[in-house]
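Visitor: Below is a structure I'd like to ask you about.
The values are calculated or read from the model by the stated rules, or taken from the named source; none is laboratory data. Computed from a predicted structure; not experimentally measured. Neighbour counts are summed over all protein chains in view; Cβ atoms, including those assigned to glycine, are modelled from backbone coordinates with ideal geometry. The area values use the complete protein model at the heavy-atom level, side chains included, leaving out ligands, DNA and RNA. Shrake-Rupley method; radii C 1.70, N 1.55, O 1.52, S 1.80 Å.
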Amino acid sequence: MVREKDNIDVQGALTEIKRLEREVRLRGHWIGWLWFMMGVVIAAFGVLAPPVTTGWLQYVVTLAVPVLGIFALFFAARQQVVSRVNQWIQYPVTWIFCGFVLVDVIFRLSMHPDHLSIWVVILGVLPAIPCWYAAWRVWRS
Amino acid sequence: MNSSENHFRHKLDELIHVPVRLSIMAALAPAERVDFQFLRDAIEVSDSLLSKHLSVLEAAGYVEVIKGYVGKRPRTWLAITETGRTAFKDYVEVLRSIVEAKPAPQE
């Protein structure tokens, strides 16, 4: 317990700084998990979205996106540390993500893919890459 | 200036070099912002003591207190300012200089 009148020695101060820095950084890593999960769900949706898949799987991949969105809102509201790295990267990553989603949408509207192909996989996974990059940057911080 | 005032310790920021305030600055420095309750628990102090030291740091322009709501629940966020970040960085540099300084040769 930190007391108000404690004496503070130099080595103790450095140790305390290191301890808190580690604790706060680890607490700020939650947003990395959110970016990672967003990448997984977006990639799954991009590759397996109807009409590529049918039956129960199409409902699962379609529902996964809004479920993740709702989960993310509640999860984020409970967090107590906002990552510094995330503050820098969130806007560029979001714009790149939107750009890749647009490419995927244009591909689907023009090619009407109805079965799994290499292009469906590549363009489906593409929007997930900036999300995974963001997760990696946050975790590395 | 007295020769003894050349020692690194005279360069220590007295505002930060207090246990609770040092812990506050150390916790805020690596984050964009930190919740009041998290900070209180991380540095193990009471609400009142934390508030008291936050007021000092806020008055010095080192810390910013951001009040808001999550739904209907009030929430207080704390963030280090650019002035605070620079002061803390300098403070840590001085601490490291003290640790790394070789003891003066004895005559």
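Visitor: Look through region A:118-132, keep the residues that are open to solvent by 30 Å² or more (accessible area, probe 1.4 Å) and of a type in the set (Val, Ile, Thr), and return whichever of them is farthest from A:Leu34 (Cα to Cα).
Guide: Selected residue: A:Ile118.
Visitor: On to the next question. Can you tell me which condition A:Val41 does not meet? The list is (1) of a type outside the set (Ser, Thr, Tyr); (2) under 29 Å from B:Ala26 (Cα atoms); (3) more than 10 Å from every other protein chain (Cβ to nearest Cβ), and all the others hold.
Guide: (2) is the only condition that A:Val41 fails.
Visitor: Could you tell me whether region A:9-17 includes any residue that is at pLDDT below 90 and either in a loop (DSSP other than H, G, I, E, B) or farther than 26 Å from B:Glu44 by Cβ (or both)?
Guide: Looking for residues that are at pLDDT below 90 and either in a loop (DSSP other than H, G, I, E, B) or farther than 26 Å from B:Glu44 by Cβ (or both), one finds at least one in region A:9-17, hence yes.
Visitor: Evaluate the following for B:Glu93: is it more than 26 Å from A:His29 (Cβ to Cβ) and either open to solvent by 20 Å² or more (accessible area, probe 1.4 Å) or facing chain A (nearest Cβ under 7 Å) (or both)?
Guide: yes
Visitor: Quick one: how many residues across region A:109-129 are free of Cβ contacts under 8 Å to residues at least 40 places away in the same chain and of a type outside the set (Gly, Ala, Ser)?
Guide: Of the residues in region A:109-129, 6 are free of Cβ contacts under 8 Å to residues at least 40 places away in the same chain and of a type outside the set (Gly, Ala, Ser).
Residue by residue, here is whether (1) part of a helix (DSSP H, G or I); (2) modelled with pLDDT under 90; (3) surrounded by 13 or more Cβ atoms within 10 Å (Cβ to Cβ) holds:
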| position | (1), (2), (3) |
| --- | --- |
| A:Trp35 | yes, no, yes |
| A:Pro50 | no, yes, yes |
| A:Thr54 | no, yes, no |
| A:Gln79 | no, yes, yes |
| A:Pro92 | yes, no, no |
| A:Arg108 | yes, yes, yes |
| A:Leu116 | no, yes, yes |
| A:Ala134 | yes, no, yes |
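Visitor: So which helices (runs of 4 or more DSSP H) stay within region B:2-101 end to end and still have 1 or more residues that are touching a residue at least 12 places away in the same chain (Cβ under 8 Å) and over 21 Å from A:Gly12 (Cα atoms)?
Guide: Passing ranges, in order: B:36-43, B:47-59, B:82-100.
Visitor: Check B:Val94, B:Val65, B:Val99 and return the single one that is among the hydrophobic types (A, V, I, L, M, F, W, C) and modelled with pLDDT under 90.
Guide: B:Val99
Visitor: Condition first: of a type in the set (Lys, Arg) and either in contact with a Ser or Thr (Cβ under 6 Å, 6 or more places away or on another chain) or open to solvent by less than 50 Å² (accessible area, probe 1.4 Å) (or both). Now tell me which residues in region B:39-90 satisfy that.
Guide: B:Lys67, B:Arg75, B:Arg85
Visitor: Just name the residue that is farthest from the chain's Cα centre (by Cα) out of those in region A:88-141 that are hydroxyl-bearing (Ser, Thr, Tyr) and over 30 Å from A:Arg25 (Cβ atoms).
Guide: Within region A:88-141, the match that is farthest from the chain's Cα centre (by Cα) is A:Ser110.
Visitor: Any residue in region A:74-91 that is more than 23 Å from B:Thr76 (Cα to Cα) and either acidic (Asp, Glu) or within 14 Å of chain B (Cβ to nearest Cβ) (or both)?
Guide: yes
Visitor: Continuing with the same structure: Given the conditions (1) within 15 Å of B:Val20 (Cα to Cα); (2) at pLDDT 95 or above; (3) not aromatic (Phe, Trp, Tyr), and given that B:Ile43 satisfies all but one, which numbered condition is not satisfied?
Guide: Failing condition for B:Ile43: (2).
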